[in-house]
Structures are given as structure tokens and as C-alpha cells.
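S.K.: Below is one structure. I have some questions about it.
The values are calculated or read from the model by the stated rules, or taken from the named source; none is laboratory data. This is a predicted model, so every value here is computed, not measured. Note that we place each Cβ from the backbone using ideal geometry, even for glycine, and neighbour counts take in every protein chain shown.
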Amino acid sequence: MPFYKIPSLSENSFLRYFNFIALYFAQGIPEGMLAFGIPAWMAMNGKSPAEIANFAIVLVLPWSFKILVAPLIDRYTFLSMGRKRPWVIIGQLGLVLSFAYMAYIPDPLNNLHQLMLAGFIVSFFGAFQDVATDGMAVDIIPAEQQAKANGLMWGSKISGISISLALGSWILNKYGYTASILTLAAIISCIMFAPILLRERNGEKILPWTQGKAAPESEMLQLENWREIFKSLFAVFTLRNSLLIAGVLFVSQGAFKFLGTLLPVFTVKLLGWTNVEYAQYFASAKLIGGISGMILGGILIDKFGKKRMLFIYFFCLILLVSLLSLSKAYWANKSIIYSFMIVYNTFYTFSSIGLFAIAMQCCWRKVSASQFTLYMTIANLGQMSFAALINPISSSFNWQISLVFFTLFLAIAWLILYFLNIEKQIELVAEMELKDLEIKSNEGSISNH
């Protein structure tokens with residue numbers, strides 16, 4: 001089929017799912033290697049928990065800048081190519097080029113400052129692509145498909161993390177650092193064909209020099225001045241339930257980052273695993289969790305409700321990590337730790353699907369990129385804050401108590417979630433959208449007269 005005859009994302013559900021699966025898989029590739037593979041490699045080569053934690057903090061930092069990028073994406077675009085697609089393509093290209101730069105850092109283990117700088121740049125373009133992709137998802141995916149889409153998207157991202165961690169770590173040990181990073185860059189470059197060939201809406205341009213024009217719906221949603229963007233964003237974000245969503249995301253994602261950064265140090269430093277052993281075990285556990293999320297994550301949320309299922313997931317995670325803390329006598333058994341990783345990653349994936357589906361459902365489409373990004377920025381600030389706690393906690397307490405801190409953090413997120421009213425939030429956003437349409441209709445009537 002010629003590329004100009006390929007259906008648009010707005011009119012074909014299969015291509016919608018395929019597009020977001022591909023883009024989220026691409027997001028998972030840098031995260032798998034940078035957040036898990038390289039820290040394990042650093043631990044195996046004698047780097048301290050403080051150095052590893054500093055690297056983790058630098059990786060999270062650009063994701064906190066997303067809130068500065070999101071209003072630009074909402075305000076400016078090449079509308080004849082879609083509201084968010086041009087930005088997605090730029091972010092994807094930036095990922096490829098920054099990964100290529102990272103591949104050629106000389107002696108990275110003894111050049112940590114440059115390694116952290118490269119990690120920062122890769123994370124920046126990862127965050128950039130994430131903002132544009134999430135904004136496109138809110139714009140394009142119908143409300144009734146968002147839970148299923150989030151399951152597929154998050155499962156795909158987890159799969160990307162798992163595959164990049166396992167493949168990248170294997171190549172790293174067998175062929176070296178440069179070969180490992182360049183291989184991952186090549187995979188990301190192949191995924192670029194998805195946003196290049198798949199238009200948001202019918203009639204839009206595939207590329208700047210091809211035929212096409214802006215879709216009427218895109219023109220209606222597009223904001224033309226900064227005052228309207230920030231006024232709308234302030235109005236929707238200061239709703240009580242918006243603030244509660246932000247609170248749940250800050251604490252829960254911070255808790256997940258805390259444990260995720262602790263695990264490679266725990267297994268390599270304390271238990272004596274190699275970085276490849278950790279990568280293989282954790283990657284396969286991640287993959288099982290990701291596939292489970294793709295198959296069941298959205299279905300369970302649709303059937304039993306987002307809030308109810310999150311209560312169950314949080315409880316299971318608290319119980320699971322508590323059991324790990326209490327079973328010190330069995331830590332030397334790799335099967336026990338691997339089983340923990342599988343169960344943990346499954347419930348982590350299910351929890352993330354539920355949290356992000358709630359955040360997406362509660363967004364106002366006219367400021368979709370900015371509002372969803374504000375939620376994610378707050379989540380990333382939580383990750384950065386809780387990652388910074390690793391060194392003082394691990395220095396002051398034994399491993400058992402350090403693990404218990406995760407359960408305390410997640411219990412706080414559970415308490416905040418209790419007060420969240422999703423239905424009320426959706427109702428208020430619908431009222432705001434209706435009021436906005438009435439204002440635009442009145443303005444149009446006045447201008448016609």
C-alpha cells in the first residue's frame with residue numbers, strides 16, 4: 001500500500017495501537033540500559049552506591065523539565081502534519097543522535113562526568129518524545145480505548161526496557177560499551193518509520209514537502225496564545241482531584257524508583273551477582289511483567305475499576321516487599337530473588353497502567369500535553385527525590401530496613417489514593433469543556449455579526 005493511502009491514526013484503531021506500542025517500546029530502550037544495565041555494570045566494576053545514585057538522579061532530572069517543553073508543544077506545531085506528530089519525530093531523531101554521541105565516550109567508567117552528561121542528553125530527548133507521544137495519545141485515543149491502550153503502551157515500554165537491558169548488557173560484556181550503545185541506537189532509528197508514515201488525522205501531510213492540510217479538529221483544539229494555555233492549565237490542575245492525582249504519582253513513582261535503583265546494588269554488591277546475571281534475571285522478569293500488563297492490565301482495570309485495582313496492586317506490593325525483607329535467610333537463593341522480581345514487576349506494571357490511565361482520563365484535551373506532562377513531571381520529581389534518599393538510608397540502616405522504607409512510601413500513596421474521586425474529576429473537566437465550547441460559539445456569533 002502506498003504511504004499516502006495508509007489510514008490515519010484517528011480512523012484506524014489497529015494502527016493507533018501499533019503506533020503507540022512502537023513509540024513506547026522506543027522509550028523503553030534507553031531506560032532499560034541507562035536505568036538498569038549501566039548501574040549494574042558500574043556496581044560490578046566497583047563504583048560506590050553514591051556514584052550510582054548520582055547517575056540515577058542525573059537521568060531523572062531532564063524528565064522534570066518536561067513541564068517547560070509541554071506548553072511549547074501545545075502552543076507551536078506544524079499543524080498540517082498534525083498537532084503532536086512533528087514533535088514526536090524530532091524527539092525520536094534526538095534519541096538516535098544522542099545515543100550515538102553516548103556510544104563514543106572514552107573510558108566511561110573513569111569518565112563519569114561525561115557519562116552523566118550523555119545520560120542527561122539521552123534522557124532529555126526521551127522526555128521530549130514522551131511529552132509529544134502522551135499528548136498525541138490524549139488527543140487521538142477515544143476515552144473508551146484508553147485503559148486498553150495504556151496496557152499495551154506500558155507493556156510495550158516494559159518490553160523495550162527488558163530487551164534493551166538483556167541485549168545491551170550481553171553486547172556490553174561480549175563486544176564492549178560502544179557496540180552495545182550503537183546497537184540500541186540502530187533499533188530506535190528503525191522505529192522512527194512509525195511516526196513518519198502514520199498521520200494523526202486524514203488529509204494531513206506525511207512530510208513537510210508532501211501534499212496535505214491541517215485537519216479541522218486539530219485547528220479547533222490548537223491554542224493560539226500563552227495566556228489561554230496557562231489559564232486553562234491552572235483551572236484544571238487546581239481542581240481538588242487533580243492535586244490528589246499529582247500526590248499519588250509523586251509518592252508511588254518515587255517509591256518505585258527507590259526500589260528500582262536499590263535492586264542492582266542489592267543483588268550485585270550484597271549478593272555477589274554479576275551485572276549480566278542481574279540483567280538477565282531482571283530483564284526476563286520485566287518482560288513477563290510487561291507481557292502480563294499488555295494482556296491483562298487494561299482488561300482488569302476496565303472490568304473492576306481503576307481505583308479498586310490500584311488498592312489491590314499496592315497492597316500486594318507492600319506485602320511482597322515486606323516478605324522479602326523478612327526472608328533474609330533465603331536471599332542467597334537466586335530462585336527466590338528471581339521469583340520476587342517476576343511478581344514485583346508484574347504488580348509494578350499493573351500499577352503503572354492504572355495510574356497513567358487515571359491521569360490520561362482526567363486531562364482536558366485542549367491542554368493535553370501540558371496537563372499530562374505536569375502529572376508526569378511531578379512523578380519524576382518524586383523519582384528524583386526518592387532516589388536521593390538511597391545513599392542516606394542504605395548508609396544508616398541495614399538492607400532489611402532499607403527495603404521496608406519502600407513499603408512505607410507506598411502506604412502513603414495508598415492513603416492519598418483513598419481520597420481521590422475520579423468520577424467527580426471527569427464531570428468537572430466535561431463541564432469546563434462545555435463552557436469553553438459555549439464561549440467559542442458566542443465569540444463566533446459576535447464576529448459573524
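Quick grid of which residues meet (1) surrounded by 24 or more Cβ atoms within 10 Å (Cβ to Cβ); (2) modelled with pLDDT under 85; (3) more than 19 Å from the chain's Cα centre (by Cα):
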site	(1), (2), (3)
Lys148	no, yes, no
Gly155	yes, yes, no
Gly160	yes, no, no
Ser169	yes, no, yes
Tyr177	no, no, yes
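S.K.: Restricting to the range 322-337, name every residue that is in a helix (DSSP H, G or I) and either over 20 Å from Ala283 (Cβ atoms) or not hydroxyl-bearing (Ser, Thr, Tyr) (or both). Walk me through how you get there before you give the answer.
M.R.: So in the range 322-337, the residues in a helix (DSSP H, G or I) come out as 322-326, 328-330, 334-337.
The answer is Ser322, Leu323, Leu324, Ser325, Leu326, Lys328, Ala329, Tyr330, Lys334, Ile336, Ile337.
S.K.: Right, another one. Within the range 33-86, work out how many residues are under 17 Å from the mean Cα position of the chain (by Cα), farther than 20 Å from Ile181 by Cβ and at pLDDT 85 or above.
M.R.: Qualifying residue count for the region: 0.
S.K.: Please note which helices (runs of 4 or more DSSP H) are completely contained in the range 194-303 and include at least 1 residues that are surrounded by fewer than 22 Cβ atoms within 10 Å (Cβ to Cβ) and either modelled with pLDDT under 80 or on the phi > 0 side of the Ramachandran plot (or both). If you could, list the steps in order and put the result at the bottom.
M.R.: Values: elements: 216-221, 226-237, 240-265, 275-292.
Answer list for the range 194-303: 216-221, 226-237, 275-292.
S.K.: Would you call Ser10 among the small types (Gly, Ala, Ser) and surrounded by fewer than 18 Cβ atoms within 10 Å (Cβ to Cβ)?
M.R.: Spelling it out, it is not the case that Ser10 is among the small types (Gly, Ala, Ser) and surrounded by fewer than 18 Cβ atoms within 10 Å (Cβ to Cβ).
S.K.: Would you point out which residue out of Ser327, Ser292 is closer than 28 Å to Ile422 by Cβ and of a type in the set (S, T, N, Q)?
M.R.: On the way: Ser327 fails: closer than 28 Å to Ile422 by Cβ.
Step by step, each of Ser327, Ser292 is checked, and only Ser292 is closer than 28 Å to Ile422 by Cβ and of a type in the set (S, T, N, Q).
S.K.: Pairs needed: first member in the range 80-104, farther than 12 Å from Gln27 by Cα; second member anywhere, aromatic (Phe, Trp, Tyr) and part of a loop (DSSP other than H, G, I, E, B); C-beta distance under 6 Å; at least 6 residues apart or different chains.
M.R.: Listed by first residue and then by second, the contacts come to Pro86/Phe78.
S.K.: Ok, one more. Can you spot a residue in the range 99-106 that is among the hydroxyl-bearing types (Ser, Thr, Tyr) and modelled with pLDDT of 90 or more?
M.R.: Scanning the range 99-106 turns up at least one residue that is among the hydroxyl-bearing types (Ser, Thr, Tyr) and modelled with pLDDT of 90 or more.
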